[in-house]
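A quick write-up on the structure given underneath.
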Amino acid sequence: MATEHEKPVLTERLVVEEEDAGLRLDVYLAHEFTEISRSRLQRLISKGMVLVNQRTVRTSYRIRTGDEIRVYLPLAEAPAVEPEPIPLEIVYEDKALLVVNKPRGMVVHPGPGRIHGTMVNALLFHCRDLSGINGVLRPGIVHRLDKDTSGLLVVAKNDRAHLSLAAQLKERKVTREYVALVCGQVKEDAGTVNAPIGRHPRDRKKMAVNASGRDAITHFTVAARFRRYTLLRLHLDTGRTHQIRVHLSHIGHPVVGDLKYGPARPRLGLKGQFLHAGVLGFTHPVSGEPLRFAAPLPPELEAVLTKLRESESAAPHPETDS
């Protein structure tokens, strides 16, 4: 295997799911590594730094269900993710896993240029025995939340738990419910956005509804109505990058505070989007027990709703609005 300029490399391991079978290798990797340009990924493939089932392939290779893909990402220096005594709100913990209520503003895992202050740094300090399936930068991380999205995450402590939880996600057996405040009045009391999501055709740092993207399904119900805003509860069938933010922007109701997919100026004094992962449910990978957890809105988001109720005289809705 060749290495780009003989720099140390970070190995990322991916296993192709059935829904992605048939995609070109470079297209698939572009979906997985949204921070890396497709042209750079193509160069890595041509240099032999991407292996499929331990073999080098062409960029045009059509991936198959179950293919194991290893990507060797050159780094300026070898990563050293250190444990850091960062406070964590642990909602649940046992020998197999833990559930964390992530605060707004915290990055989940290290990346290029950021190897400190993340949830992974905090997790390594807290338990020291995370699953190694996702490599050194993402140990134990089964799914992610955006930096400015608060709420519940499950973290695997061993590979058995990780594989079980990943399979539940793939089979859409994990319950994930969110709360979002969006711009404008959503006309329907409930609805579904079923639109594929892929990389934005012009801005590689963004995602977009794209016919060549992956299937993405988001269900929503109205929880409260305000004059200029609507509070939604959302349920995910899939877990694409920025899915909720992209889908809500696509239907003309971007998340309040989302400067990437919504208005260019902040709303309601928020730094970051009003999006909270409030409910998480899954089957315990060892005991088989169904688990369900709930986390209330963080104080800064609850304060926004209080201000709206006071200033905009929100019309009542059959469902609760907090």
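The values are calculated or read from the model by the stated rules, or taken from the named source; none is laboratory data. Source: prediction; values computed, not measured. Using ideal geometry, Cβ is built from the backbone for each residue, glycine included, and neighbour counts are taken over all protein chains shown.
So the values come out like this:
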item: Residue check, Gly262 outside any strand (DSSP E or B) and at positive phi; result: no
item: Selection count, the stretch 124-174, where residues are assigned to a loop (DSSP other than H, G, I, E, B), over 17 Å from the mean Cα position of the chain (by Cα), at negative phi and not hydrophobic (A, V, I, L, M, F, W, C); result: 5
item: Extreme residue, farthest from the chain's Cα centre (by Cα), among residues of the stretch 175-191 that are in a strand (DSSP E or B) and surrounded by fewer than 16 Cβ atoms within 10 Å (Cβ to Cβ); result: Ala190
item: Residue that is surrounded by the fewest Cβ atoms within 10 Å (Cβ to Cβ), among those in the stretch 249-265 that are touching a residue at least 24 places away in the same chain (Cβ under 8 Å) and small (Gly, Ala, Ser); result: Gly252
item: Whichever residue in the stretch 192-212 is assigned to a strand (DSSP E or B) and hydrophobic (A, V, I, L, M, F, W, C) and, among such residues, is farthest from Ile36 (Cα to Cα); result: Val193
item: Residue match in the stretch 101-117 (condition: modelled with pLDDT under 95, over 30 Å from Ala294 (Cα atoms), assigned to a strand (DSSP E or B) and not assigned by TED's automatic domain parsing to the domain that holds Gly281); result: no
item: Breaking point among (1) at pLDDT below 95; (2) in a loop (DSSP other than H, G, I, E, B); (3) not hydrophobic (A, V, I, L, M, F, W, C), for Lys307; result: (2)
item: Residue check for Gly198: of a type outside the set (Lys, Arg), under 18 Å from the mean Cα position of the chain (by Cα) and over 21 Å from Lys147 (Cα atoms); result: no
item: Checking Ala80 against (1) in a loop (DSSP other than H, G, I, E, B); (2) modelled with pLDDT of 80 or more, the condition it does not meet; result: (2)
item: Extreme residue, farthest from the chain's Cα centre (by Cα), among residues of the stretch 22-41 that are among the acidic types (Asp, Glu) and surrounded by fewer than 17 Cβ atoms within 10 Å (Cβ to Cβ); result: Glu35
item: Single match in Leu280, Leu268 (criterion: at pLDDT 95 or above and either within 19 Å of Leu308 (Cα to Cα) or buried (at least 22 other Cβ atoms within 10 Å of the Cβ) (or both)); result: Leu280
